[in-house]
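Below: the structure, in structure tokens.
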Amino acid sequence: MATSPSRLKKLTQELKRALQLDLEEYGLTEESSGEYRSEYIGVQLNSAFQPIYDSAAGELLGHEAVLKPFLGKELISTPEFAFSYAERAGKLVQFDRVSRALHVLNFRQIYDEKGLLFLSVHPSLLISVNEHGKVFERILHAHSVPTNRVVIQIEEGLVEQDKQLAEAIDNYRERGYLIAIDNFGNKKSHIDRLWQFSPNFVKLDPTIIQKAETNSQLKKILPGLIKMIRDIGGEAIVTGIENQKQLEVAIETGATILQGPFLGEAVSAKELQPSKVFSRPKLAVA
């Protein structure tokens with residue numbers, strides 16, 4: 001059921017106080033499906049959610065929020081493009097806050113007691129914003145989502161400043177957020193940061209499982225990487241799984257947390273039907 005105009009106005013005012021921004025400027029609207037969208041600097045913002053499975057538990061671990069930006073009726077190629085556009089316009093901080101607030105509003109429709117919400121933070125904000133997570137925490141509390149159910153995804157390879165990155169991670173942790181290193185294993189990754197920051201999750205770069213499908217040497221190395229991540233107190237997430245063969249390789253490495261289009265595309269909250277969201281994926285190796 002759609003929110004009444006008075007409720008939407010109240011919600012807009014609430015977000016305005018929490019975000020310290022004028023939400024009317026961001027065109028917050030509610031669709032007939034009950035989902036929210038926003039429009040800022042000419043870009044229409046929509047949320048999508050991709051499931052992340054815990055195969056050991058046989059259930060969903062949570063969802064990664066993915067920004068789906070449109071310019072008019074044409075889909076912008078990537079969220080990175082939209083963030084770069086906002087950065088060039090000098091609106092990166094505002095764009096990031098509004099995007100994450102939008103994800104929380106839409107996430108409320110699909111989460112249960114155990115579901116985690118994985119959210120990316122733009123690398124530039126990690127070194128340019130103080131008191132990380134403080135403003136966003138107000139949004140979470142207003143909608144009964146505790147910070148310990150939010151996983152902040154950080155692509156550490158794009159941040160060269162060790163001190164600022166460490167401070168940002170400490171700030172998030174002090175507020176109860178969980179931490180994930182994103183796209184680990186690409187050419188810009190720093191392996192020493194695994195034990196330096198001891199993240200809760202390490203999301204392997206999608207190209208790793210895709211290459212391991214045909215590269216026997218890489219396939220042999222992966223179990224050791226998975227074990228090393230566990231030894232520092234984290235869990236590896238194999239991302240980018242596109243087919244049954246890659247799923248089998250991921251399972252053979254000993255990884256239990258899995259993500260990729262083969263297991264579930266990033267779709268709107270409306271498209272994530274409860275009967276599908278909480279059913280166990282078929283993970284048995286043929």
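For this structure, a couple of remarks:
- Residue that is farthest from GLU87 (Cα to Cα), among those in the range 118-136 that are modelled with pLDDT under 80 and among the aliphatic types (A, V, I, L, M): VAL135
- Pick from the range 226-252, criterion touching a residue at least 40 places away in the same chain (Cβ under 8 Å) and either farther than 24 Å from ILE154 by Cα or more than 20 Å from the chain's Cα centre (by Cα) (or both), ranking: surrounded by the fewest Cβ atoms within 10 Å (Cβ to Cβ): GLN244
- Scanning the range 84-118 for residues being closer than 23 Å to LEU60 by Cα, of a type in the set (A, V, I, L, M) and part of a helix (DSSP H, G or I) gives a total of 4.
- Enumeration of residues in the range 139-187 that are in a loop (DSSP other than H, G, I, E, B), under 29 Å from ASN106 (Cα atoms) and of a type outside the set (Val, Ile, Thr): HIS143, SER144, PRO146, GLU155, ARG175, GLY176, TYR177
- Some residue of the range 189-197 being out of contact with any His (no Cβ under 6 Å at 6 or more places or on another chain), of a type in the set (A, V, I, L, M), surrounded by 18 or more Cβ atoms within 10 Å (Cβ to Cβ) and over 21 Å from ALA57 (Cβ atoms): yes
- Matching residues in the range 78-96 - criterion: being buried (at least 19 other Cβ atoms within 10 Å of the Cβ), farther than 15 Å from LYS68 by Cα and in contact (Cβ under 8 Å) with a residue 40 or more places away in the chain: GLN94
Residue by residue, here is whether (1) among the acidic types (Asp, Glu); (2) under 22 Å from LEU119 (Cα atoms) holds:
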{"site": "ASP182", "(1), (2)": "yes, yes"}
{"site": "ILE229", "(1), (2)": "no, yes"}
{"site": "LYS245", "(1), (2)": "no, no"}
{"site": "GLU252", "(1), (2)": "yes, no"}
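The values are calculated or read from the model by the stated rules, or taken from the named source; none is laboratory data. Because the structure is predicted, anything quoted here is derived from the model rather than measured. For neighbour counting, all protein chains shown are included, and Cβ atoms are generated from backbone atoms with ideal geometry for every residue, glycine included.
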